[in-house]
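In what follows, a single structure is set out as structure tokens and then discussed.
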Amino acid sequence: MMRRDLIGIGLFIFLLTPMITRPDPAIAETTKRVSIELHIELSKRILVVYVNHTPYKTYPVALGKPETPTPIGNWLITNKSKDWGGGFGTRWLGLNVPWGIYGIHGTNRPSSIGNYASNGCIRMHNHDIEELYNFVHVGVPVFIPGNPLAHPRNLAVGDIGADVQLVQLRLLHFGFYHGTCNGRFEQTTEQALKAFEKAHGLPVDGIVGRKDYQLLGLIES
């Protein structure tokens, strides 16, 4: 199954069904039973398509550079577009990451595939993203597992990412933050952090350092 062309099952389940005015009950039932998920394996730099929770096909990808990492988390495909051109290649699958515009897309730099080379998006060969584009639909889940605090960085106003979101969630838990946990380190987050620092006898600098992480319960002492 892993080596079969996606277009075969994709044509049957997703491309053919919308063309039928009165869907065949058997086709409708088959579509209902099919579950599609995309899994991004950061260490291997691959995208794995799961059909009914079973690995179906694997694609090589390029992922975010260390300073602009691919967003860790569980996301959904929220939009699809063709022919963005340039660095985005021939197809775009947008993700609902709250702190920026991220997606799975093609590229005009195929030599980057297999490397950590992007600003956070998942790059694919154009022929691969064109195949995937025809197979997935809006609402398909995209899982990017990992630990955003594996290498904690100092955080301050202007930073974005899953680590910022974790800090916001802890500040919210302790009653210092009342905004949206959107992964954007803005002034409201800074004010909440300063209040937390003052309450815990830390230097009130509005910068998340190691002591802040520890007292927030995000890393061990």
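Values for this structure:
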item	result
Residues (in a loop (DSSP other than H, G, I, E, B), open to solvent by 40 Å² or more (accessible area, probe 1.4 Å) and at pLDDT below 95) located in the stretch 80-111	Asp83, Trp84, Asn108, Arg109
Residue match in the stretch 102-110 (condition: of a type outside the set (Ser, Thr, Tyr) and under 12 Å from the mean Cα position of the chain (by Cα))	yes
Filtered residue count, the stretch 66-79, keeping only those that are within 13 Å of the chain's Cα centre (by Cα) and assigned to a loop (DSSP other than H, G, I, E, B)	5
Residue check for Gly158: more than 24 Å from Glu37 (Cβ to Cβ) and in contact (Cβ under 8 Å) with a residue 40 or more places away in the chain	no
Condition check for Thr188: under 24 Å from Asn119 (Cβ atoms), modelled with pLDDT of 95 or more and hydroxyl-bearing (Ser, Thr, Tyr)	no
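The values are calculated or read from the model by the stated rules, or taken from the named source; none is laboratory data. Please read these numbers as outputs of a predicted model, since none were measured by experiment. Methodologically, a virtual Cβ is constructed for each residue, glycine included, from the backbone with ideal geometry; neighbour enumeration extends over all protein chains shown. Areas reflect the complete protein model, heavy atoms only, side chains present, ligands, DNA and RNA absent. Shrake-Rupley method; radii C 1.70, N 1.55, O 1.52, S 1.80 Å.
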